[in-house]
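Comments concern the structure below.
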Amino acid sequence: MLTVSLGNPFFSFGRGPGGGGAAMLRRGEKHGRSVWGALVLGVVAVWGGLAPSWLAAQESRTWSDSTGKFKIQGKFVSVEEGKVTIERDDGKKVVVDLKRLSAADQKYVAEQQSDAANPFMPVEEPSPSRLLDRAKGARLRRPTASTTEQGLRPDWSSAKAVSPGLASEEWKVSIAAEKAAVSGKPGKAIAVPPKSHFFESAKALIINETCRRAVLGYTIAEPRPTGQSRLVLVDLDKNKSLGAATISGQFAPLALHDNGTQVLMRRDDFGFGNQDRLEVWSLTPSGIQKGVQFVPYDDAKRGPERDVKWGAFLDENRMATVSGGGKLAVWKWATAEPEYYLGAARGCVPALSPDRKFIAFATGKELGVLDAGKGEVIALKSSPSAQQPTLRFSPSGSRLACAAFDRLYVWDTATGGLYREIPYLGMNVMGEIAWPSEDHVLLGKKYLIDLETQVRLWTYEGAELAATSGGVTWFYVAQGTDGAGALVPARLPHPAATEALEKALADPNFFILKEGATVRINVDAVADPAEREKARTALTAKLQANGCQVVPNGAIELVASTEVGKEREITYQTMGMGFAHRTYKYREHICRIKFLYQGQTAWETAAVNAPGFIVHLKEGQTLEQFIKEHERPNYAFFSTVDIPKLLQRPSASLTLGVSQVTVAGIQSR
């Protein structure tokens, strides 16, 4: 049940100045308009999983405008600066000019204003909040951003615009590792409450390594139109569930604070533009206390650019977010104050380093590392073009992985060198990536990749969610509404997977590409005849450096090709010649190489000639001329591409074996 504490009435702050905007050269980004958010305190959901309902402090009544033509049914909420807020019976709020209401309604509003007993009367200061851990004696600072009935309004005018700069091969990044994983077997499975409904969806499993707690988030579209959300808080060290609560509205957890009681939540309604609002919820003994609310990217017109794609707490007072349009920002979250921002690729999910000092991001053609404290890009280098890149640091921070649309990339963090490029070849990954260990990556919540051998090692079926912490992979397994679910801990790879890998490596025919393998090169599909022999020469040198033999009748075929792609649009925001958005069309040209074995693709990679993320024009050069110069295949790709040293034989099975994850643990199939 959701209750409203009359001893802690709603409040509002006075309005502050609107925000201006800073602009810089960015692809597909827009800045400069103010963003409206929300700050609401005093709403408590009973901790224990009961469905919410509102206590009506005002009677629902019929409201009419001065003409009598328009009517609504709802409850009076507040009046401020001549604006009356009414909550309709469906829960939605509307704001109307007091003067446009009927005489009877204006009289009713006046009576509410004069009623000193009105529990929802705005006050000058909020009562003490539970936004921060009371044990630390923390209080919410009065926000510098303006507030409305919709809440906090971030002001971008003083936020620093960070330029990634120019890509460079100089790359030096040092990251502190997480504390060492505890040796031995993982603990027992932790029971969690059953699902509340057949259609309830598990949205996220978030683990905070500092407080050693996890939060499970669920949503369901019923009851309509609002739906509801459920949180389960778990203590990983004590191996027990601490409680569960349900509250109105569909929200998904993004991050758990170090104090183990605050959760960064994102609105999670269906459709583009409906994952736009952030709220910080405090989990208290009496229930969920809603705190800071705001819409970080409300200045964006297009739906995906409004959405919050990712969020993380950096420390007690700061957090980072990125929009679907790629706007990466660092905030003082209690006041919705953006400190700085930069542009990343659309759909990019950044990675926060284990020490939480650095944020890795992708621009579409570059890989970069941002110093989160200084607001400076400390490393940027060219990288393969990756669609929908999701980045993640290894537990020690020594490696950085990217789950792209069709392949996995892994770099050495210290040097920026590309360590692995592994195509999915049938694996449905959907941007899901975790690190069970320094040498293994879990993709799509179930596919385990051995990085040293590049073997698609094992499939773990049955889990709805997976996350890693301290060398342990936690699988969330549900048993519907009839039985308790569980967080199942495991060290991956488990013994059966390790044994299968050892057996495969002992098979001399398991790897088709390895030292001594024979390869034939086919460059017939390269469009420019003058570039064919250049490509053949470059690829021959790479194969020979890997210990392979290049011969006309090799067992494996390496095919190089070029192709004309689709016509695309690209938008730049100009700087220095007047701030404006300009959209141009360009034709894709694709360079591709792939290994074929007995007619089956064992590995492939490609490069697209997309213009740069940041453009520096030569004197007298126009953007049209710059883009036109890039409308040709990037033949240098055949000289710069990294090809694998090992490739396993293609087979009908995606991995060496499959296991089922159940509430009792990992079971053989």
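The values are calculated or read from the model by the stated rules, or taken from the named source; none is laboratory data. Note that the structure is predicted; figures quoted are calculated from it, not measured. With ideal geometry, Cβ positions are generated from the backbone for all residues, glycine too; neighbour counts draw on all protein chains shown.
Would you please list the contacts, defined by Cβ atoms under 6 Å and residues six or more apart or on different chains, that run from a residue in region 297-323 that is without any contact (Cβ under 8 Å) to a residue 40 or more places away in the chain and under 9 Å from Gly273 (Cα atoms) to a residue that is surrounded by 18 or more Cβ atoms within 10 Å (Cβ to Cβ) and among the aromatic types (Phe, Trp, Tyr)? Pairs found: Arg306/Tyr297.
Please tell me if Ile627 is part of a strand (DSSP E or B), hydrophobic (A, V, I, L, M, F, W, C) and touching a strand residue (DSSP E or B) at 6+ places or on another chain (Cβ under 6 Å).
On the way: part of a strand (DSSP E or B): no; hydrophobic (A, V, I, L, M, F, W, C): yes; touching a strand residue (DSSP E or B) at 6+ places or on another chain (Cβ under 6 Å): yes.
Answer is no for this residue.
Being under 24 Å from Leu646 (Cβ atoms) and either aliphatic (A, V, I, L, M) or in contact with a helix residue (DSSP H, G or I) (Cβ under 9 Å, 6 or more places away or on another chain) (or both) is a condition met by at least one residue of region 371-386.
Scanning region 64-85 for residues that are under 15 Å from Ala104 (Cα atoms) and assigned to a loop (DSSP other than H, G, I, E, B) returns Ser66, Thr67, Gly68, Lys69, Phe70. As a summary of the residue check, Gly444 satisfies the conditions (1) buried (at least 20 other Cβ atoms within 10 Å of the Cβ); (2) more than 21 Å from Gly243 (Cα to Cα); (3) not charged (D, E, K, R) except for the one numbered (1). Assess whether Pro508 counts as being part of a loop (DSSP other than H, G, I, E, B), farther than 17 Å from Thr655 by Cα and without any contact (Cβ under 8 Å) to a residue 60 or more places away in the chain. Taking the combined requirement at face value, the residue satisfies it.
Counting only strands (runs of 3 or more DSSP E) wholly contained in region 114-211, the ones carrying 2 or more residues that are modelled with pLDDT under 90 occupy 146-148, 151-153. Before we move on, is Ala386 assigned to a loop (DSSP other than H, G, I, E, B), in contact (Cβ under 8 Å) with a residue 12 or more places away in the chain and under 19 Å from the mean Cα position of the chain (by Cα)? It is true that Ala386 is assigned to a loop (DSSP other than H, G, I, E, B), in contact (Cβ under 8 Å) with a residue 12 or more places away in the chain and under 19 Å from the mean Cα position of the chain (by Cα).
Can you report the number of residues in region 574-593 which are surrounded by fewer than 15 Cβ atoms within 10 Å (Cβ to Cβ) and at pLDDT 80 or above? Step through it out loud before you land on a result.
So in region 574-593, the residues surrounded by fewer than 15 Cβ atoms within 10 Å (Cβ to Cβ) come out as 576-578, 580-583, 585.
Then drop every residue that is not at pLDDT 80 or above, which leaves 583, 585.
Residues that pass the stated criteria total 2.
If the condition is being closer than 21 Å to Thr335 by Cβ, touching a residue at least 60 places away in the same chain (Cβ under 8 Å) and not acidic (Asp, Glu), then region 277-296 contributes Arg277, Leu278, Val280, Ser282, Gln289, Lys290, Gly291, Val292, Gln293, Phe294, Val295, Pro296. Please work out which residue is surrounded by the most Cβ atoms within 10 Å (Cβ to Cβ), limiting yourself to region 630-669 and to residues that are hydroxyl-bearing (Ser, Thr, Tyr) and assigned to a loop (DSSP other than H, G, I, E, B). Checking each candidate, the answer is Tyr635. Within region 504-528, the set of residues being modelled with pLDDT under 95, under 21 Å from Pro633 (Cβ atoms) and over 40 Å from the mean Cα position of the chain (by Cα) comprises Asp528 only. Note on region 451-469: among residues that are charged (D, E, K, R) and surrounded by fewer than 20 Cβ atoms within 10 Å (Cβ to Cβ), the one that is nearest to Val661 (Cα to Cα) is Glu461. Over 25 Å from Asn317 (Cβ atoms), surrounded by fewer than 24 Cβ atoms within 10 Å (Cβ to Cβ) and of a type in the set (A, V, I, L, M): is that true of Ala244 in this structure? Answer is yes for this residue. Counting the residues of region 276-286 that are in contact with a Gly (Cβ under 8 Å, 6 or more places away or on another chain) and either under 21 Å from Asp299 (Cβ atoms) or aliphatic (A, V, I, L, M) (or both) gives 5.
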